[in-house]
Amino acid sequence: MTKRLVGVGGVTLGGGRVAVQSMTTVRTSDVENCVAQILALEEAGCDIARVSVLDESDARAIAQIKRGVHIPVVADIHFSAKLAVLAAESGADKLRVNPGNIGGEKELARVADCVKAHGIPVRVGANTGSIEPYFLEKYGRSAKALVESALSEVAAFERHGVNAIVVSVKASDVRMTVEAYETLAARTSYPLHLGVTEAGTPRSGVVKSSIGIGALLLKGIGDTIRVSLTADPVEEVAAAHEILRALGLESDYAEVISCPTCGRCEYDCMGLAERVNERVKGVRKHCKIAVMGCVVNGPGEAKDCDLGIAGGREYCVIFEKGKENVRVPREDAERVFFERIDGMTGINP
Ligand code: SF4
């Protein structure tokens, strides 16, 4: 099925590049903090930020927020066509709405006319908590119910002439999420927004999202992702990029590999690996850096790396493409290694 392209501000969904999304956690009417949070998300590499709109002050704040940020802003609205219209008039680049709770056909028509007039898309879709009662009763809490519910929302907007639509079917259960998106992908050509909902705190949330989102992306399903975590949204963006990188869908970054260490390791390999990761997190070109536990096996195990370090009791070896380049006393090793990294990546810390 040929994918439809949907533009969200300057970001195109459906064109092959997977966009990273996150959502602010402060009140949208708190413009200063909301802008600060979106700027932090931008810095972390977020492509699209979503904000919740609970009342008119939130909807109006979008105009001010847009002036302070550089990425598209999506307004998340429930139960109110009036707020949806207000958010669009304030400059929202997309609306996340649920046609089922917007207040009936007349109100839905109002939202549809508004998004068409502003040339912005909508995201519709179900999660396990918002399946339309009819489908919930018919299919139970299941992937089928999610898909049918989401497609009925798509149809509701299509009836009103809207064809810039993004769809999601999120469950907190990984298997149900994957099954639902697989079915959905076969039945719609609209871009899909992937996520495992209520995934949890960082450790379990990242694992659930990586499996669910990762399984789908591996099959070529998904156009934009959100890793939902009960945490600072910057962590969601960091996790999303890790997923894309692990799948080879993003390559303009410094990949740091490090060995798990074992009894042969005689220096602070774990700490150094963390510090190297921190050092290179802003690098936007591809290179591979290794932090290895011992000089016996490290250089050989990491010979495909552009630059690496392997530690010993008294000295460390810095190597390039598996070949020893320089041997440095252990106390100078980190400084020398960082100089090499900075030189190679062009970082200017
Ligand atoms: S590189 Fe050395 S320290 Fe690291 S796992 Fe291999 S043998 Fe162990």
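The values are calculated or read from the model by the stated rules, or taken from the named source; none is laboratory data. Note that the structure is predicted; figures quoted are calculated from it, not measured. Don't worry about glycine lacking a Cβ; one is built from the backbone with ideal geometry, like all the others, and counts go over all protein chains shown. Remember, those area values only see protein heavy atoms, side chains included, never the ligands or the DNA or RNA. Shrake-Rupley method; radii C 1.70, N 1.55, O 1.52, S 1.80 Å.
Only bridges whose two residues both fall in the chain count here: according to DSSP, what percent of them are antiparallel, nearest 5?
Here the share of antiparallel DSSP bridges comes out near 30 percent.
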(request) Please report, in debye to the nearest 20, how large the charge dipole of segment 16-116 is about its Cα centre when each Lys and Arg carries +1 at its beta carbon and each Asp and Glu carries -1 there. (result) 240
(message) What number do you get for the chain when its Cα radius of gyration is normalised by 2.2 N^0.38 Å, N = residues?
(response) 1.15
(request) Of the DSSP beta bridges with both residues in segment 1-135, give the percent that are antiparallel, rounding to the nearest 5. (result) 20
(message) Let's test the formula: R0 of 45 Å, r as the Cβ-Cβ distance of HIS78 and ILE347. What FRET efficiency results, to the nearest 0.05?
(response) 0.55
(message) For the pair LYS303/GLU105, report the inter-label distance in nm, with labels modelled 7 Å from Cα in the Cβ direction.
(response) 7.2
(message) If I build a Gaussian network model for the chain, linking alpha-carbon pairs within less than 10 angstrom, which residue out of ILE318, ILE225, ILE77 has the largest mean-square fluctuation?
(response) ILE318
(request) For VAL166, enumerate residues with amide H under 5 Å from its amide H, sequence gap 5+ or separate chain, H modeled in the peptide plane. (result) VAL122, ARG123, VAL124
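What net charge do the residues around VAL296 carry, taking every other residue with its C-beta under 15 Å from that of VAL296, with Lys and Arg at +1 and Asp and Glu at -1? Intermediate results must be reported in sequence, preceding the final value.
Values: positive: ARG264, LYS303, ARG313, ARG327; negative: GLU266, GLU301, GLU314, GLU324.
In short, 0.
Over segment 6-246, what percent of the accessible surface lies on carbon and sulfur atoms, probe 1.4 Å?
Working: 4810 of 9380 Å².
So the carbon and sulfur contribution to the accessible surface is 51 percent.
Take the cross-link list LYS3/LYS106; LYS94/LYS281; LYS138/LYS170 and give me the ones stretching past 25 Å between alpha-carbons.
Those over the limit are LYS3/LYS106; LYS94/LYS281.
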(message) Connecting C-alpha atoms closer than 10 Å in a GNM of the chain, tell me which of VAL326, VAL166, VAL115 has the biggest fluctuation.
(response) VAL326
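Under unit Cβ charges (Lys, Arg +1; Asp, Glu -1), what dipole magnitude, rounded to 20 debye, does segment 6-246 have relative to its Cα centre? Numbers along the way, then the final one.
Working: 25 positive and 28 negative charges, 92 e Å.
It comes to approximately 440 debye.
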(request) With unit charges on the beta carbon (Lys/Arg positive, Asp/Glu negative), name the residue among SER149, VAL8, ALA333 whose Cα is farthest towards the positive pole of the charge dipole of the chain. (result) SER149
(message) Could you work out the pair-distance distribution P(r) of segment 29-138 from its alpha-carbon pairs, with 10 angstrom bin width and percents rounded to whole numbers?
(response) 15, 44, 30, 10, 1
(request) State, to one decimal in nm, how far the label point of ARG327 lies from the label point of GLU89, with both points 7 Å from Cα in the Cβ direction. (result) 7.6
(message) Testing the spin-label approximation: label points 7 Å from Cα along Cα→Cβ at LYS219 and VAL234. State their distance in nm.
(response) 3.6
(request) Report relative contact order for the chain in percent, whole number only (criteria: Cα-Cα under 8 Å, sequence separation at least 6). (result) 12
(request) Mind computing the radius of gyration and Dmax over the alpha-carbon atoms of segment 254-344? Å is fine for both. (result) 11.5, 35
(message) Could you give each residue of segment 58-70 its phi-based ³J(HN,Hα) in whole Hz, using Karplus coefficients 6.51, -1.76, 1.60 with θ = phi - 60°, and x for Gly or Pro?
(response) 5, 4, 5, 4, 4, 4, 5, 4, 4, 6, x, 10, 10
(message) Under 10 Å, Cα contacts only: if you run a Gaussian network model on the chain, which one of ALA61, ALA246, ALA117 comes out with the highest mean-square fluctuation?
(response) ALA117
(request) In whole angstrom, note down how far apart the Cα centers of segment 317-331 and segment 258-303 are. (result) 12
